[in-house]
């Protein structure tokens, strides 16, 4: 069983401020503390995967500010294989392919516009107001689930703040989640005890993976339409019929101006544009001179 893990930082245990995730100084003690939390949560998840019988764990440092340098390599569990971006335009993730049995997401935040979430955003904080796939509100959790679903890989586990966990369960019934904190305002939260959270991450991700073997055959479905599921059966891959529509509302008109002239992009108002994807793996691509949707 191969497990592919994507990490972020805002939803990590122990993280309670913007600077811990985004301080521009690589040598800042505050940012170093954030990297320590990232490595500790990653190690808990890796251990849980092997507890459940994983034969290989592939792990991506998915926090953009880190530029693949977030893990403290002298402390990261050496049993995991680090992966990165395989190619750009179109973007493809290294090691996330049909050989993978399950997708897990560690340290995630809720989608943009979520009340009661800590540092909620989609891709770029304060830039994107709403992000929809086929008319349904999504964030980075949904983007990653759609990409993995192209290979028949289900999202089975998420750790993050309470709002991110609620989002995951509402869209992907059967997903197991571990809450790390409770959002009080956009930049304030109540942390849960980090060591206890990490013990839960290890326990919960192992339980999620043990369900994978009992999952039924992948079905084409949309997460907003699926209801329930038998206990003991893992979540199914998200494989909606193609094409799917991506619709983005930006925080300012200029962003929509820049995309509106790209072939295949439709404009719906001053700040809102949409385009269609024929390949779900293109969900991380943005219309530009380098990439545009097939018309």
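The values are calculated or read from the model by the stated rules, or taken from the named source; none is laboratory data. Fair warning: this is a prediction, and the values are worked out from it, not measured in the lab. Here the Cβ is made from the backbone with ideal geometry for all residues, glycine too, and neighbour counts use every protein chain on show.
Would you call residue 190 loosely packed, with under 15 Cβ neighbours inside 10 Å, at pLDDT 95 or above and either touching a strand residue (DSSP E or B) at 6+ places or on another chain (Cβ under 9 Å) or not in a helix (DSSP H, G or I) (or both)? Taking the combined requirement at face value, the residue satisfies it. Of all the listed residues (36, 10), the sole one being out of contact with any strand residue (DSSP E or B) (no Cβ under 8 Å at 6 or more places or on another chain) and either on the phi < 0 side of the Ramachandran plot or part of a loop (DSSP other than H, G, I, E, B) (or both) is 36. Going by the structure shown, is residue 251 surrounded by fewer than 19 Cβ atoms within 10 Å (Cβ to Cβ), in contact (Cβ under 8 Å) with a residue 60 or more places away in the chain, more than 17 Å from residue 90 (Cα to Cα) and outside the structural domain of residue 89 (by TED's automatic domain parsing)? Against the criterion (surrounded by fewer than 19 Cβ atoms within 10 Å (Cβ to Cβ), in contact (Cβ under 8 Å) with a residue 60 or more places away in the chain, more than 17 Å from residue 90 (Cα to Cα) and outside the structural domain of residue 89 (by TED's automatic domain parsing)), residue 251 qualifies. When residue 31 is tested against (1) in contact with a helix residue (DSSP H, G or I) (Cβ under 9 Å, 6 or more places away or on another chain); (2) in contact (Cβ under 8 Å) with a residue 24 or more places away in the chain, only condition (2) is not met. Going through (1) touching a strand residue (DSSP E or B) at 6+ places or on another chain (Cβ under 6 Å); (2) farther than 17 Å from residue 212 by Cα; (3) not in a strand (DSSP E or B) one by one, residue 153 falls short only on (2). Just a yes or no: is a residue in region 19-30 closer than 17 Å to residue 159 by Cβ and assigned by TED's automatic domain parsing to the domain that holds residue 192? Within region 19-30, one or more residues are closer than 17 Å to residue 159 by Cβ and assigned by TED's automatic domain parsing to the domain that holds residue 192. Could you go through region 222-231 and let me know if any residue there is modelled with pLDDT of 95 or more and in contact with a strand residue (DSSP E or B) (Cβ under 9 Å, 6 or more places away or on another chain). No, that holds for no residue. Residues in region 266-285 that are more than 14 Å from residue 249 (Cβ to Cβ) and surrounded by 15 or more Cβ atoms within 10 Å (Cβ to Cβ): 276, 277, 279, 280, 281, 282, 283, 284, 285.
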